[in-house]
Amino acid sequence: MMNMCVCQHGRRICRPSYRLLRHLTASISSYQEKGLRKIFNGVEISNPGTILIPNSLSLTPRSIDDALHRLNAEITILGRQGKLEEAKKLFDEMPQRDDVSYNSMITVYLKNKDLLGAETVFRAMPQKNVVAESAMIDGYAKVGRLDEARKVFDSMSHRNAFSWTSLISGYFSYGRIDEALHLFDQMPERNVVSWTAVVSGFARNGLMNHARKYFDLMPEKNIIAWTAMVKAYLDNDCFDEAYKLFLEMPERNIRSWNIMISGCLRVNRVNEAISLFESMPDRNHVSWTAMVSGLAQNKMIGIARKYFDLMPHKDMAAWTAMISACVDEGHMDEARLIFNLVPEKKVGCWNTMIGGYARNGDIAEALCLFVLMLRSCVRPNETTMTSVLTSCDGMVELIQAHAMVIRLGFEPNTWLTNALITLYSKSGDLCSARLVFELLKSKDVVSWTAMIVSYSNHGHGHHALQVFASMLVSGIKPDEVTFVGLLSACSHAGLVNQGRRLFDSIKGTYNLNPKAEHYSCLVDILSRAGLMDEAMDVVSTIPPSERDEAVLMALLGACRLHGDVVMANSVGEKLLELEPSSSGGGTGRNEKIHK
């Protein structure tokens with residue numbers, strides 16, 4: 001008997017069947033394997049994809065089952081490697097699929113954040129099973145599509161612990177605590193994983209008393225549950241409780257130690273971190289990297305360097321953490337020495353060094369290192385190009401960097417575009433800034449604000465307001481920085497009424513609290529227009545927390561401009577109240593007004 005995948009001699013077999021047959025060589029005899037290889041050697045698969053198979057090869061159902069198993073395993077492997085398209089192609093070409101095939105493909109889609117693809121395969125399943133249904137519940141829950149997750153859950157004929165726990169965790173993740181608890185109460189059989197999900201869920205919502213209550217109620221606690229409770233305390237800034245519980249743990253694994261050490265370093269409890277690290281029975285690269293990164297972030301570079309040098313195997317995270325620590329402290333020479341020692345520099349490592357040079361004002365070195373990066377065949381990413389762009393201090397360099405962005409094939413995105421808008425504006429090229437802005441498909445509040453500020457800085461108040469109107473039409477809400485740009489634009493253009501309305505809308509329309517910069521801009525708008533009394537009234541209404549020297553200095557400058565000596569004295573007194581140490585400066589300013 002011939003298997004259905006193999007036809008009589010002289011007939012044709014489709015490409016998917018050929019691929020299936022290739023997987024049979026591991027389960028048939030060596031003689032058959034040699035024969036199969038000989039048959040297919042040099043044979044071209046014709047378009048639309050058929051080959052000739054002789055009838056001398058006999059295949060058993062066991063062989064087909066084994067081949068199907070291998071194809072399913074290959075789909076899983078491709079998914080783990082992030083090769084989604086290859087996994088999809090293999091799945092689509094399979095002449096025969098079983099439940100595992102569908103389950104594997106759904107899992108691959110979900111692992112690669114493609115919920116739509118998972119939905120498509122799930123709907124195409126001839127018969128649903130608990131594994132696929134549970135996977136879909138988990139996928140829906142993780143992105144907040146809880147009603148759809150519940151719909152799948154309610155349709156299940158049989159549920160396992162994973163089904164229940166996935167939906168419970170989803171409810172907790174999106175603040176639907178009552179529904180999570182109700183579902184947990186209905187759960188027929190709870191295991192340590194479901195209990196731990198409830199404890200972690202309460203902790204994520206800041207309900208530590210409830211988290212501890214359910215932790216204490218657990219009929220059985222394993223090391224994962226203990227570690228989850230320690231992490232919950234640390235995540236909610238309850239260090240002492242976390243440390244106490246950690247010491248009470250009946251047993252600990254490397255993850256428990258790493259979480260506690262990282263927690264110590266996060267709140268600057270360096271002595272405890274060092275003590276725990278030295279007490280660890282076993283350490284892995286995460287343990288070492290946590291120590292190096294944590295000490296570096298606490299600006300203890302000397303101790304961090306000591307542990308860094310002791311690391312048996314340095315991973316990229318440790319190298320980058322050490323370089324970043326030196327960069328943050330301005331120790332660029334030491335950072336470069338460490339950078340030069342990195343055996344295989346990844347893009348993040350290059351970015352840390354290039355960005356460090358840029359932030360520390362060494363523009364030439366930042367650009368030289370970028371060139372070296374390209375020569376080392378390391379492809380830059382958006383972060384790299386943003387650092388390079390901000391390093392450009394002239395129009396020629398900016399145009400060259402922009403050309404490099406285009407040549408490297410970067411799609412217009414918010415980070416790069418926002419940097420380009422700002423830099424073209426600073427260089428005085430508003431036309432290029434506007435062109436870059438218009439080419440950006442997805443504009444965020446930073447993009448719109450960058451364009452508004454660009455027009456404002458160059459005195460084009462009306463253009464700034466037009467951009468703001470388009471921003472509102474697009475559905476993007478302004479933030480505090482947007483209003484600073486708008487009010488500055490009104491000040492430069494003498495748009496008093498528009499400035500008043502915009503200031504009132506900060507709180508009235510957008511429910512934002514005006515900051516010192518907003519008050520300063522409004523005072524400047526009014527005083528430039530000669531409305532000194534109104535400007536003084538604004539100063540009187542400023543909350544103490546937002547009253548700073550800049551606001552009063554704006555008004556004092558207007559007093560000098562308009563020769564208002566009486567108000568200048570009043571403003572000077574307010575300056576003295578605000579900053580006694582500036583009395584000499586305040587007196588000097590008042591004397592200049594008198595003159």
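Key figures for this structure:
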item	result
When the range 194-304 is reduced to its Cα atoms, the Kirkwood hydrodynamic radius in Å	14.3 Å
Kirkwood Rh in Å, taken over all unlike Cα pairs in the range 379-531	16.2 Å
Kirkwood Rh, angstrom, the range 264-367 [1 / mean 1/r, Cα pairs]	14.0 Å
Computed FRET value (nearest 0.05) for Met395 with Asn360, which takes r as the C-beta separation and R₀ as 22 Å	0.40
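Since every read-out is calculated from the coordinates, none of them should be taken as a lab result. The structure displayed is predicted, hence computed values, not measured ones. Quick reminder, even Gly has a Cβ in these numbers, built from the backbone with ideal geometry, and neighbours come from all protein chains shown.
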